[in-house]
Amino acid sequence: MNIPALLLLATSLALADPPQPFEALTFHVAPKPLSPTAVTEDWPRFLGPRHDLHSKETKLLKSWPAEGPKMVWEVKRGKGHAPAVVSGDHLVMIHTSRDREVIECLQPETGRRYWKFDYPVTFGSNYGMEDAPRSGPVIDGDLVFTVGVGSDLHCLDLKTGALVWKVNLNEKYGPAPLFFGRGSCPLVDGDQLIVNVGGQFCVGGFNKRTGELLWSTKHPWQASYASPVPATIHGKKRILVFAGGMLRPPAGGLLCIDPTNGTLHGEFPWRSTMFASVNAASPVVLGDAAFVTEGYTEGGALVDFAPDGTAKLRWKAERFGSQFTTPVAHDGYLYGIDGTAGTELVCYEVKSGREMWRDDLVLENARLGRASLLHVDGAFLCLGDQGTLLWLDLGPKGPKILAQAQLFRAPETWGVPTVSRGLLFVNQNAMGSRLVCYDLRGE
């Protein structure tokens with residue numbers, strides 16, 4: 001870090017203020033105390049602490065009254081599908097308000113605000129949908145990183161919101177061809193921030209404390225909405241990027257990159273043949289292989305990597321096409337959502353690619369839709385795209401609903417729910433946009 005940035009950060013740390021109530025916050029009731037035997041952990045990135053939609057949290061509430069778990073607080077917000085993230089006593093969210101993009105840091109148990117950072121941004125629309133943040137913040141130690149829809153990459157001090165560095169990716173590296181602004185979440189790998197950039201190059205590694213570009217991987221597949229994930233392939237550190245955006249003719253696929261220098265070690269073409277489609281679900285790492293899925297024409301594919309980086313298809317699942325929700329691998333099986341409009345929950349055996357079952361989970365006065373899954377406390381927490389919350393028991397023999405509640409009724413409830421320290425954070429993205437905290441603390 002350069003000297004001015006270091007002095008700014010030191011000054012900002014000294015000026016950190018306690019969280020304060022603010023106009024958008026409505027506080028309902030304090031959450032129950034955590035069980036003394038509960039295991040808790042941070043959720044610093046939308047795929048979770050290990051980039052696999054698994055949490056080690058325990059002692060969570062597995063049943064609730066008809067109206068669902070108790071609401072702790074709610075905060076009115078602007079538009080945006082990016083989920084909130086939590087590290088320790090800090091929650092960070094990004095959304096839009098009028099002609100500005102807004103990053104806010106809240107105290108998770110009270111909803112009170114530590115700081116707000118905003119800046120002007122120009123929004124567009126495509127296919128009847130307006131631009132809004134889709135890339136969730138990433139917390140790493142004392143820093144928080146965000147990528148806005150207008151390509152503004154910011155690094156802020158977590159405690160105070162002070163700007164550490166920023167760069168507009170479009171202005172510096174050329175615009176990426178995307179339908180709805182940028183939506184790929186960056187990845188922290190050691191001292192680097194890895195970003196699916198597009199423009200002059202496909203993927204870039206930045207010094208996370210200065211913003212200096214350390215390496216770049218050039219590839220014609222360009223940026224996507226899928227987020228890079230770390231992997232260990234045949235004992236070596238790699239980064240997997242599912243690239244491919246608004247390209248004509250359509251092109252994209254899985255890239256295997258060395259994070260030390262950006263060298264491309266393997267690639268596997270996989271993208272819909274439709275122009276109006278994108279790669280958006282993140283790769284699921286499975287040992288020396290990875291599962292990728294797109295929801296328009298090709299479906300899913302399990303890709304094996306040889307020691308020399310060569311990528312080879314192990315099996316294809318045309319009926320495992322997830323539009324943008326990342327599947328969850330657990331105990332030798334993959335669970336996820338197939339379809340773009342009419343959707344079904346599906347289970348596939350990793351080893352063989354055999355479909356074990358599919359179920360549209362017909363719910364009372366609700367539908368599953370483009371749902372999100374995460375595995376926590378021995379079960380699967382599921383958030384349907386109309387605001388339905390479910391506890392599910394999923395295995396190779398089929399699904400079982402353990403608990404159900406209609407938190408609210410609103411379309412486009414697409415962000416992965418966040419769980420940390422027994423609290424559940426859910427974005428309502430339409431019909432009164434807000435971030436809501438629910439009490440999931442059990443006995």
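Couple of notes before you dig in:
- Condition met for Ser282 (buried (at least 19 other Cβ atoms within 10 Å of the Cβ) and not β-branched (Val, Ile, Thr)): yes
- Residues located in the range 372-400, provided they are over 21 Å from the mean Cα position of the chain (by Cα) and assigned to a strand (DSSP E or B): Asp393, Leu394, Gly395, Gly398, Pro399, Lys400
- Count of the range 204-220 residues which are closer than 24 Å to Phe324 by Cα and without any contact (Cβ under 8 Å) to a residue 40 or more places away in the chain: 1
- Evaluation of Arg112 against (1) in contact with a Pro (Cβ under 7 Å, 6 or more places away or on another chain); (2) within 23 Å of Val195 (Cα to Cα) (one fails), failing number: (2)
- Positions within the range 350-370 being modelled with pLDDT of 95 or more and either buried (at least 19 other Cβ atoms within 10 Å of the Cβ) or closer than 26 Å to Trp43 by Cβ (or both), in sequence order: Val350
- Filtered residues of the range 409-426 (kept if surrounded by 19 or more Cβ atoms within 10 Å (Cβ to Cβ), in contact with a strand residue (DSSP E or B) (Cβ under 6 Å, 6 or more places away or on another chain) and either without any contact (Cβ under 8 Å) to a residue 40 or more places away in the chain or not aromatic (Phe, Trp, Tyr) (or both)): Gly415, Val416, Pro417, Thr418, Val419, Ser420, Gly422, Leu423, Leu424, Val426
- So Gly88, is it more than 27 Å from Phe380 (Cβ to Cβ), small (Gly, Ala, Ser) and either touching a helix residue (DSSP H, G or I) at 6+ places or on another chain (Cβ under 8 Å) or surrounded by fewer than 24 Cβ atoms within 10 Å (Cβ to Cβ) (or both): no
- Odd one out for Ala403 among (1) of a type outside the set (Asp, Glu); (2) assigned to a strand (DSSP E or B); (3) without any contact (Cβ under 8 Å) to a residue 60 or more places away in the chain: (3)
- Looking only at residues in the range 321-364 that are part of a strand (DSSP E or B), of a type in the set (Gly, Ala, Ser) and touching a strand residue (DSSP E or B) at 6+ places or on another chain (Cβ under 6 Å), the one that is nearest to Glu298 (Cα to Cα) is Ser322.
- Here the range 293-317 is the region considered, the condition is being within 23 Å of the chain's Cα centre (by Cα) and not hydroxyl-bearing (Ser, Thr, Tyr), and the residue that is surrounded by the most Cβ atoms within 10 Å (Cβ to Cβ) is Glu294.
- Taken over the range 121-158, the criterion of being assigned to a strand (DSSP E or B) and modelled with pLDDT under 90 is satisfied by Ser125, Asn126, Met129, Glu130.
- Matching residues in the range 85-125 - criterion: being among the aliphatic types (A, V, I, L, M), over 16 Å from Phe22 (Cβ atoms) and within 18 Å of the chain's Cα centre (by Cα): Val85, Val86, Ile94
The values are calculated or read from the model by the stated rules, or taken from the named source; none is laboratory data. Remember, it's a predicted structure, so these values are computed and weren't measured experimentally. Ideal geometry is used to build each Cβ from the backbone, glycine not excepted, and the neighbour counts take in all protein chains shown.
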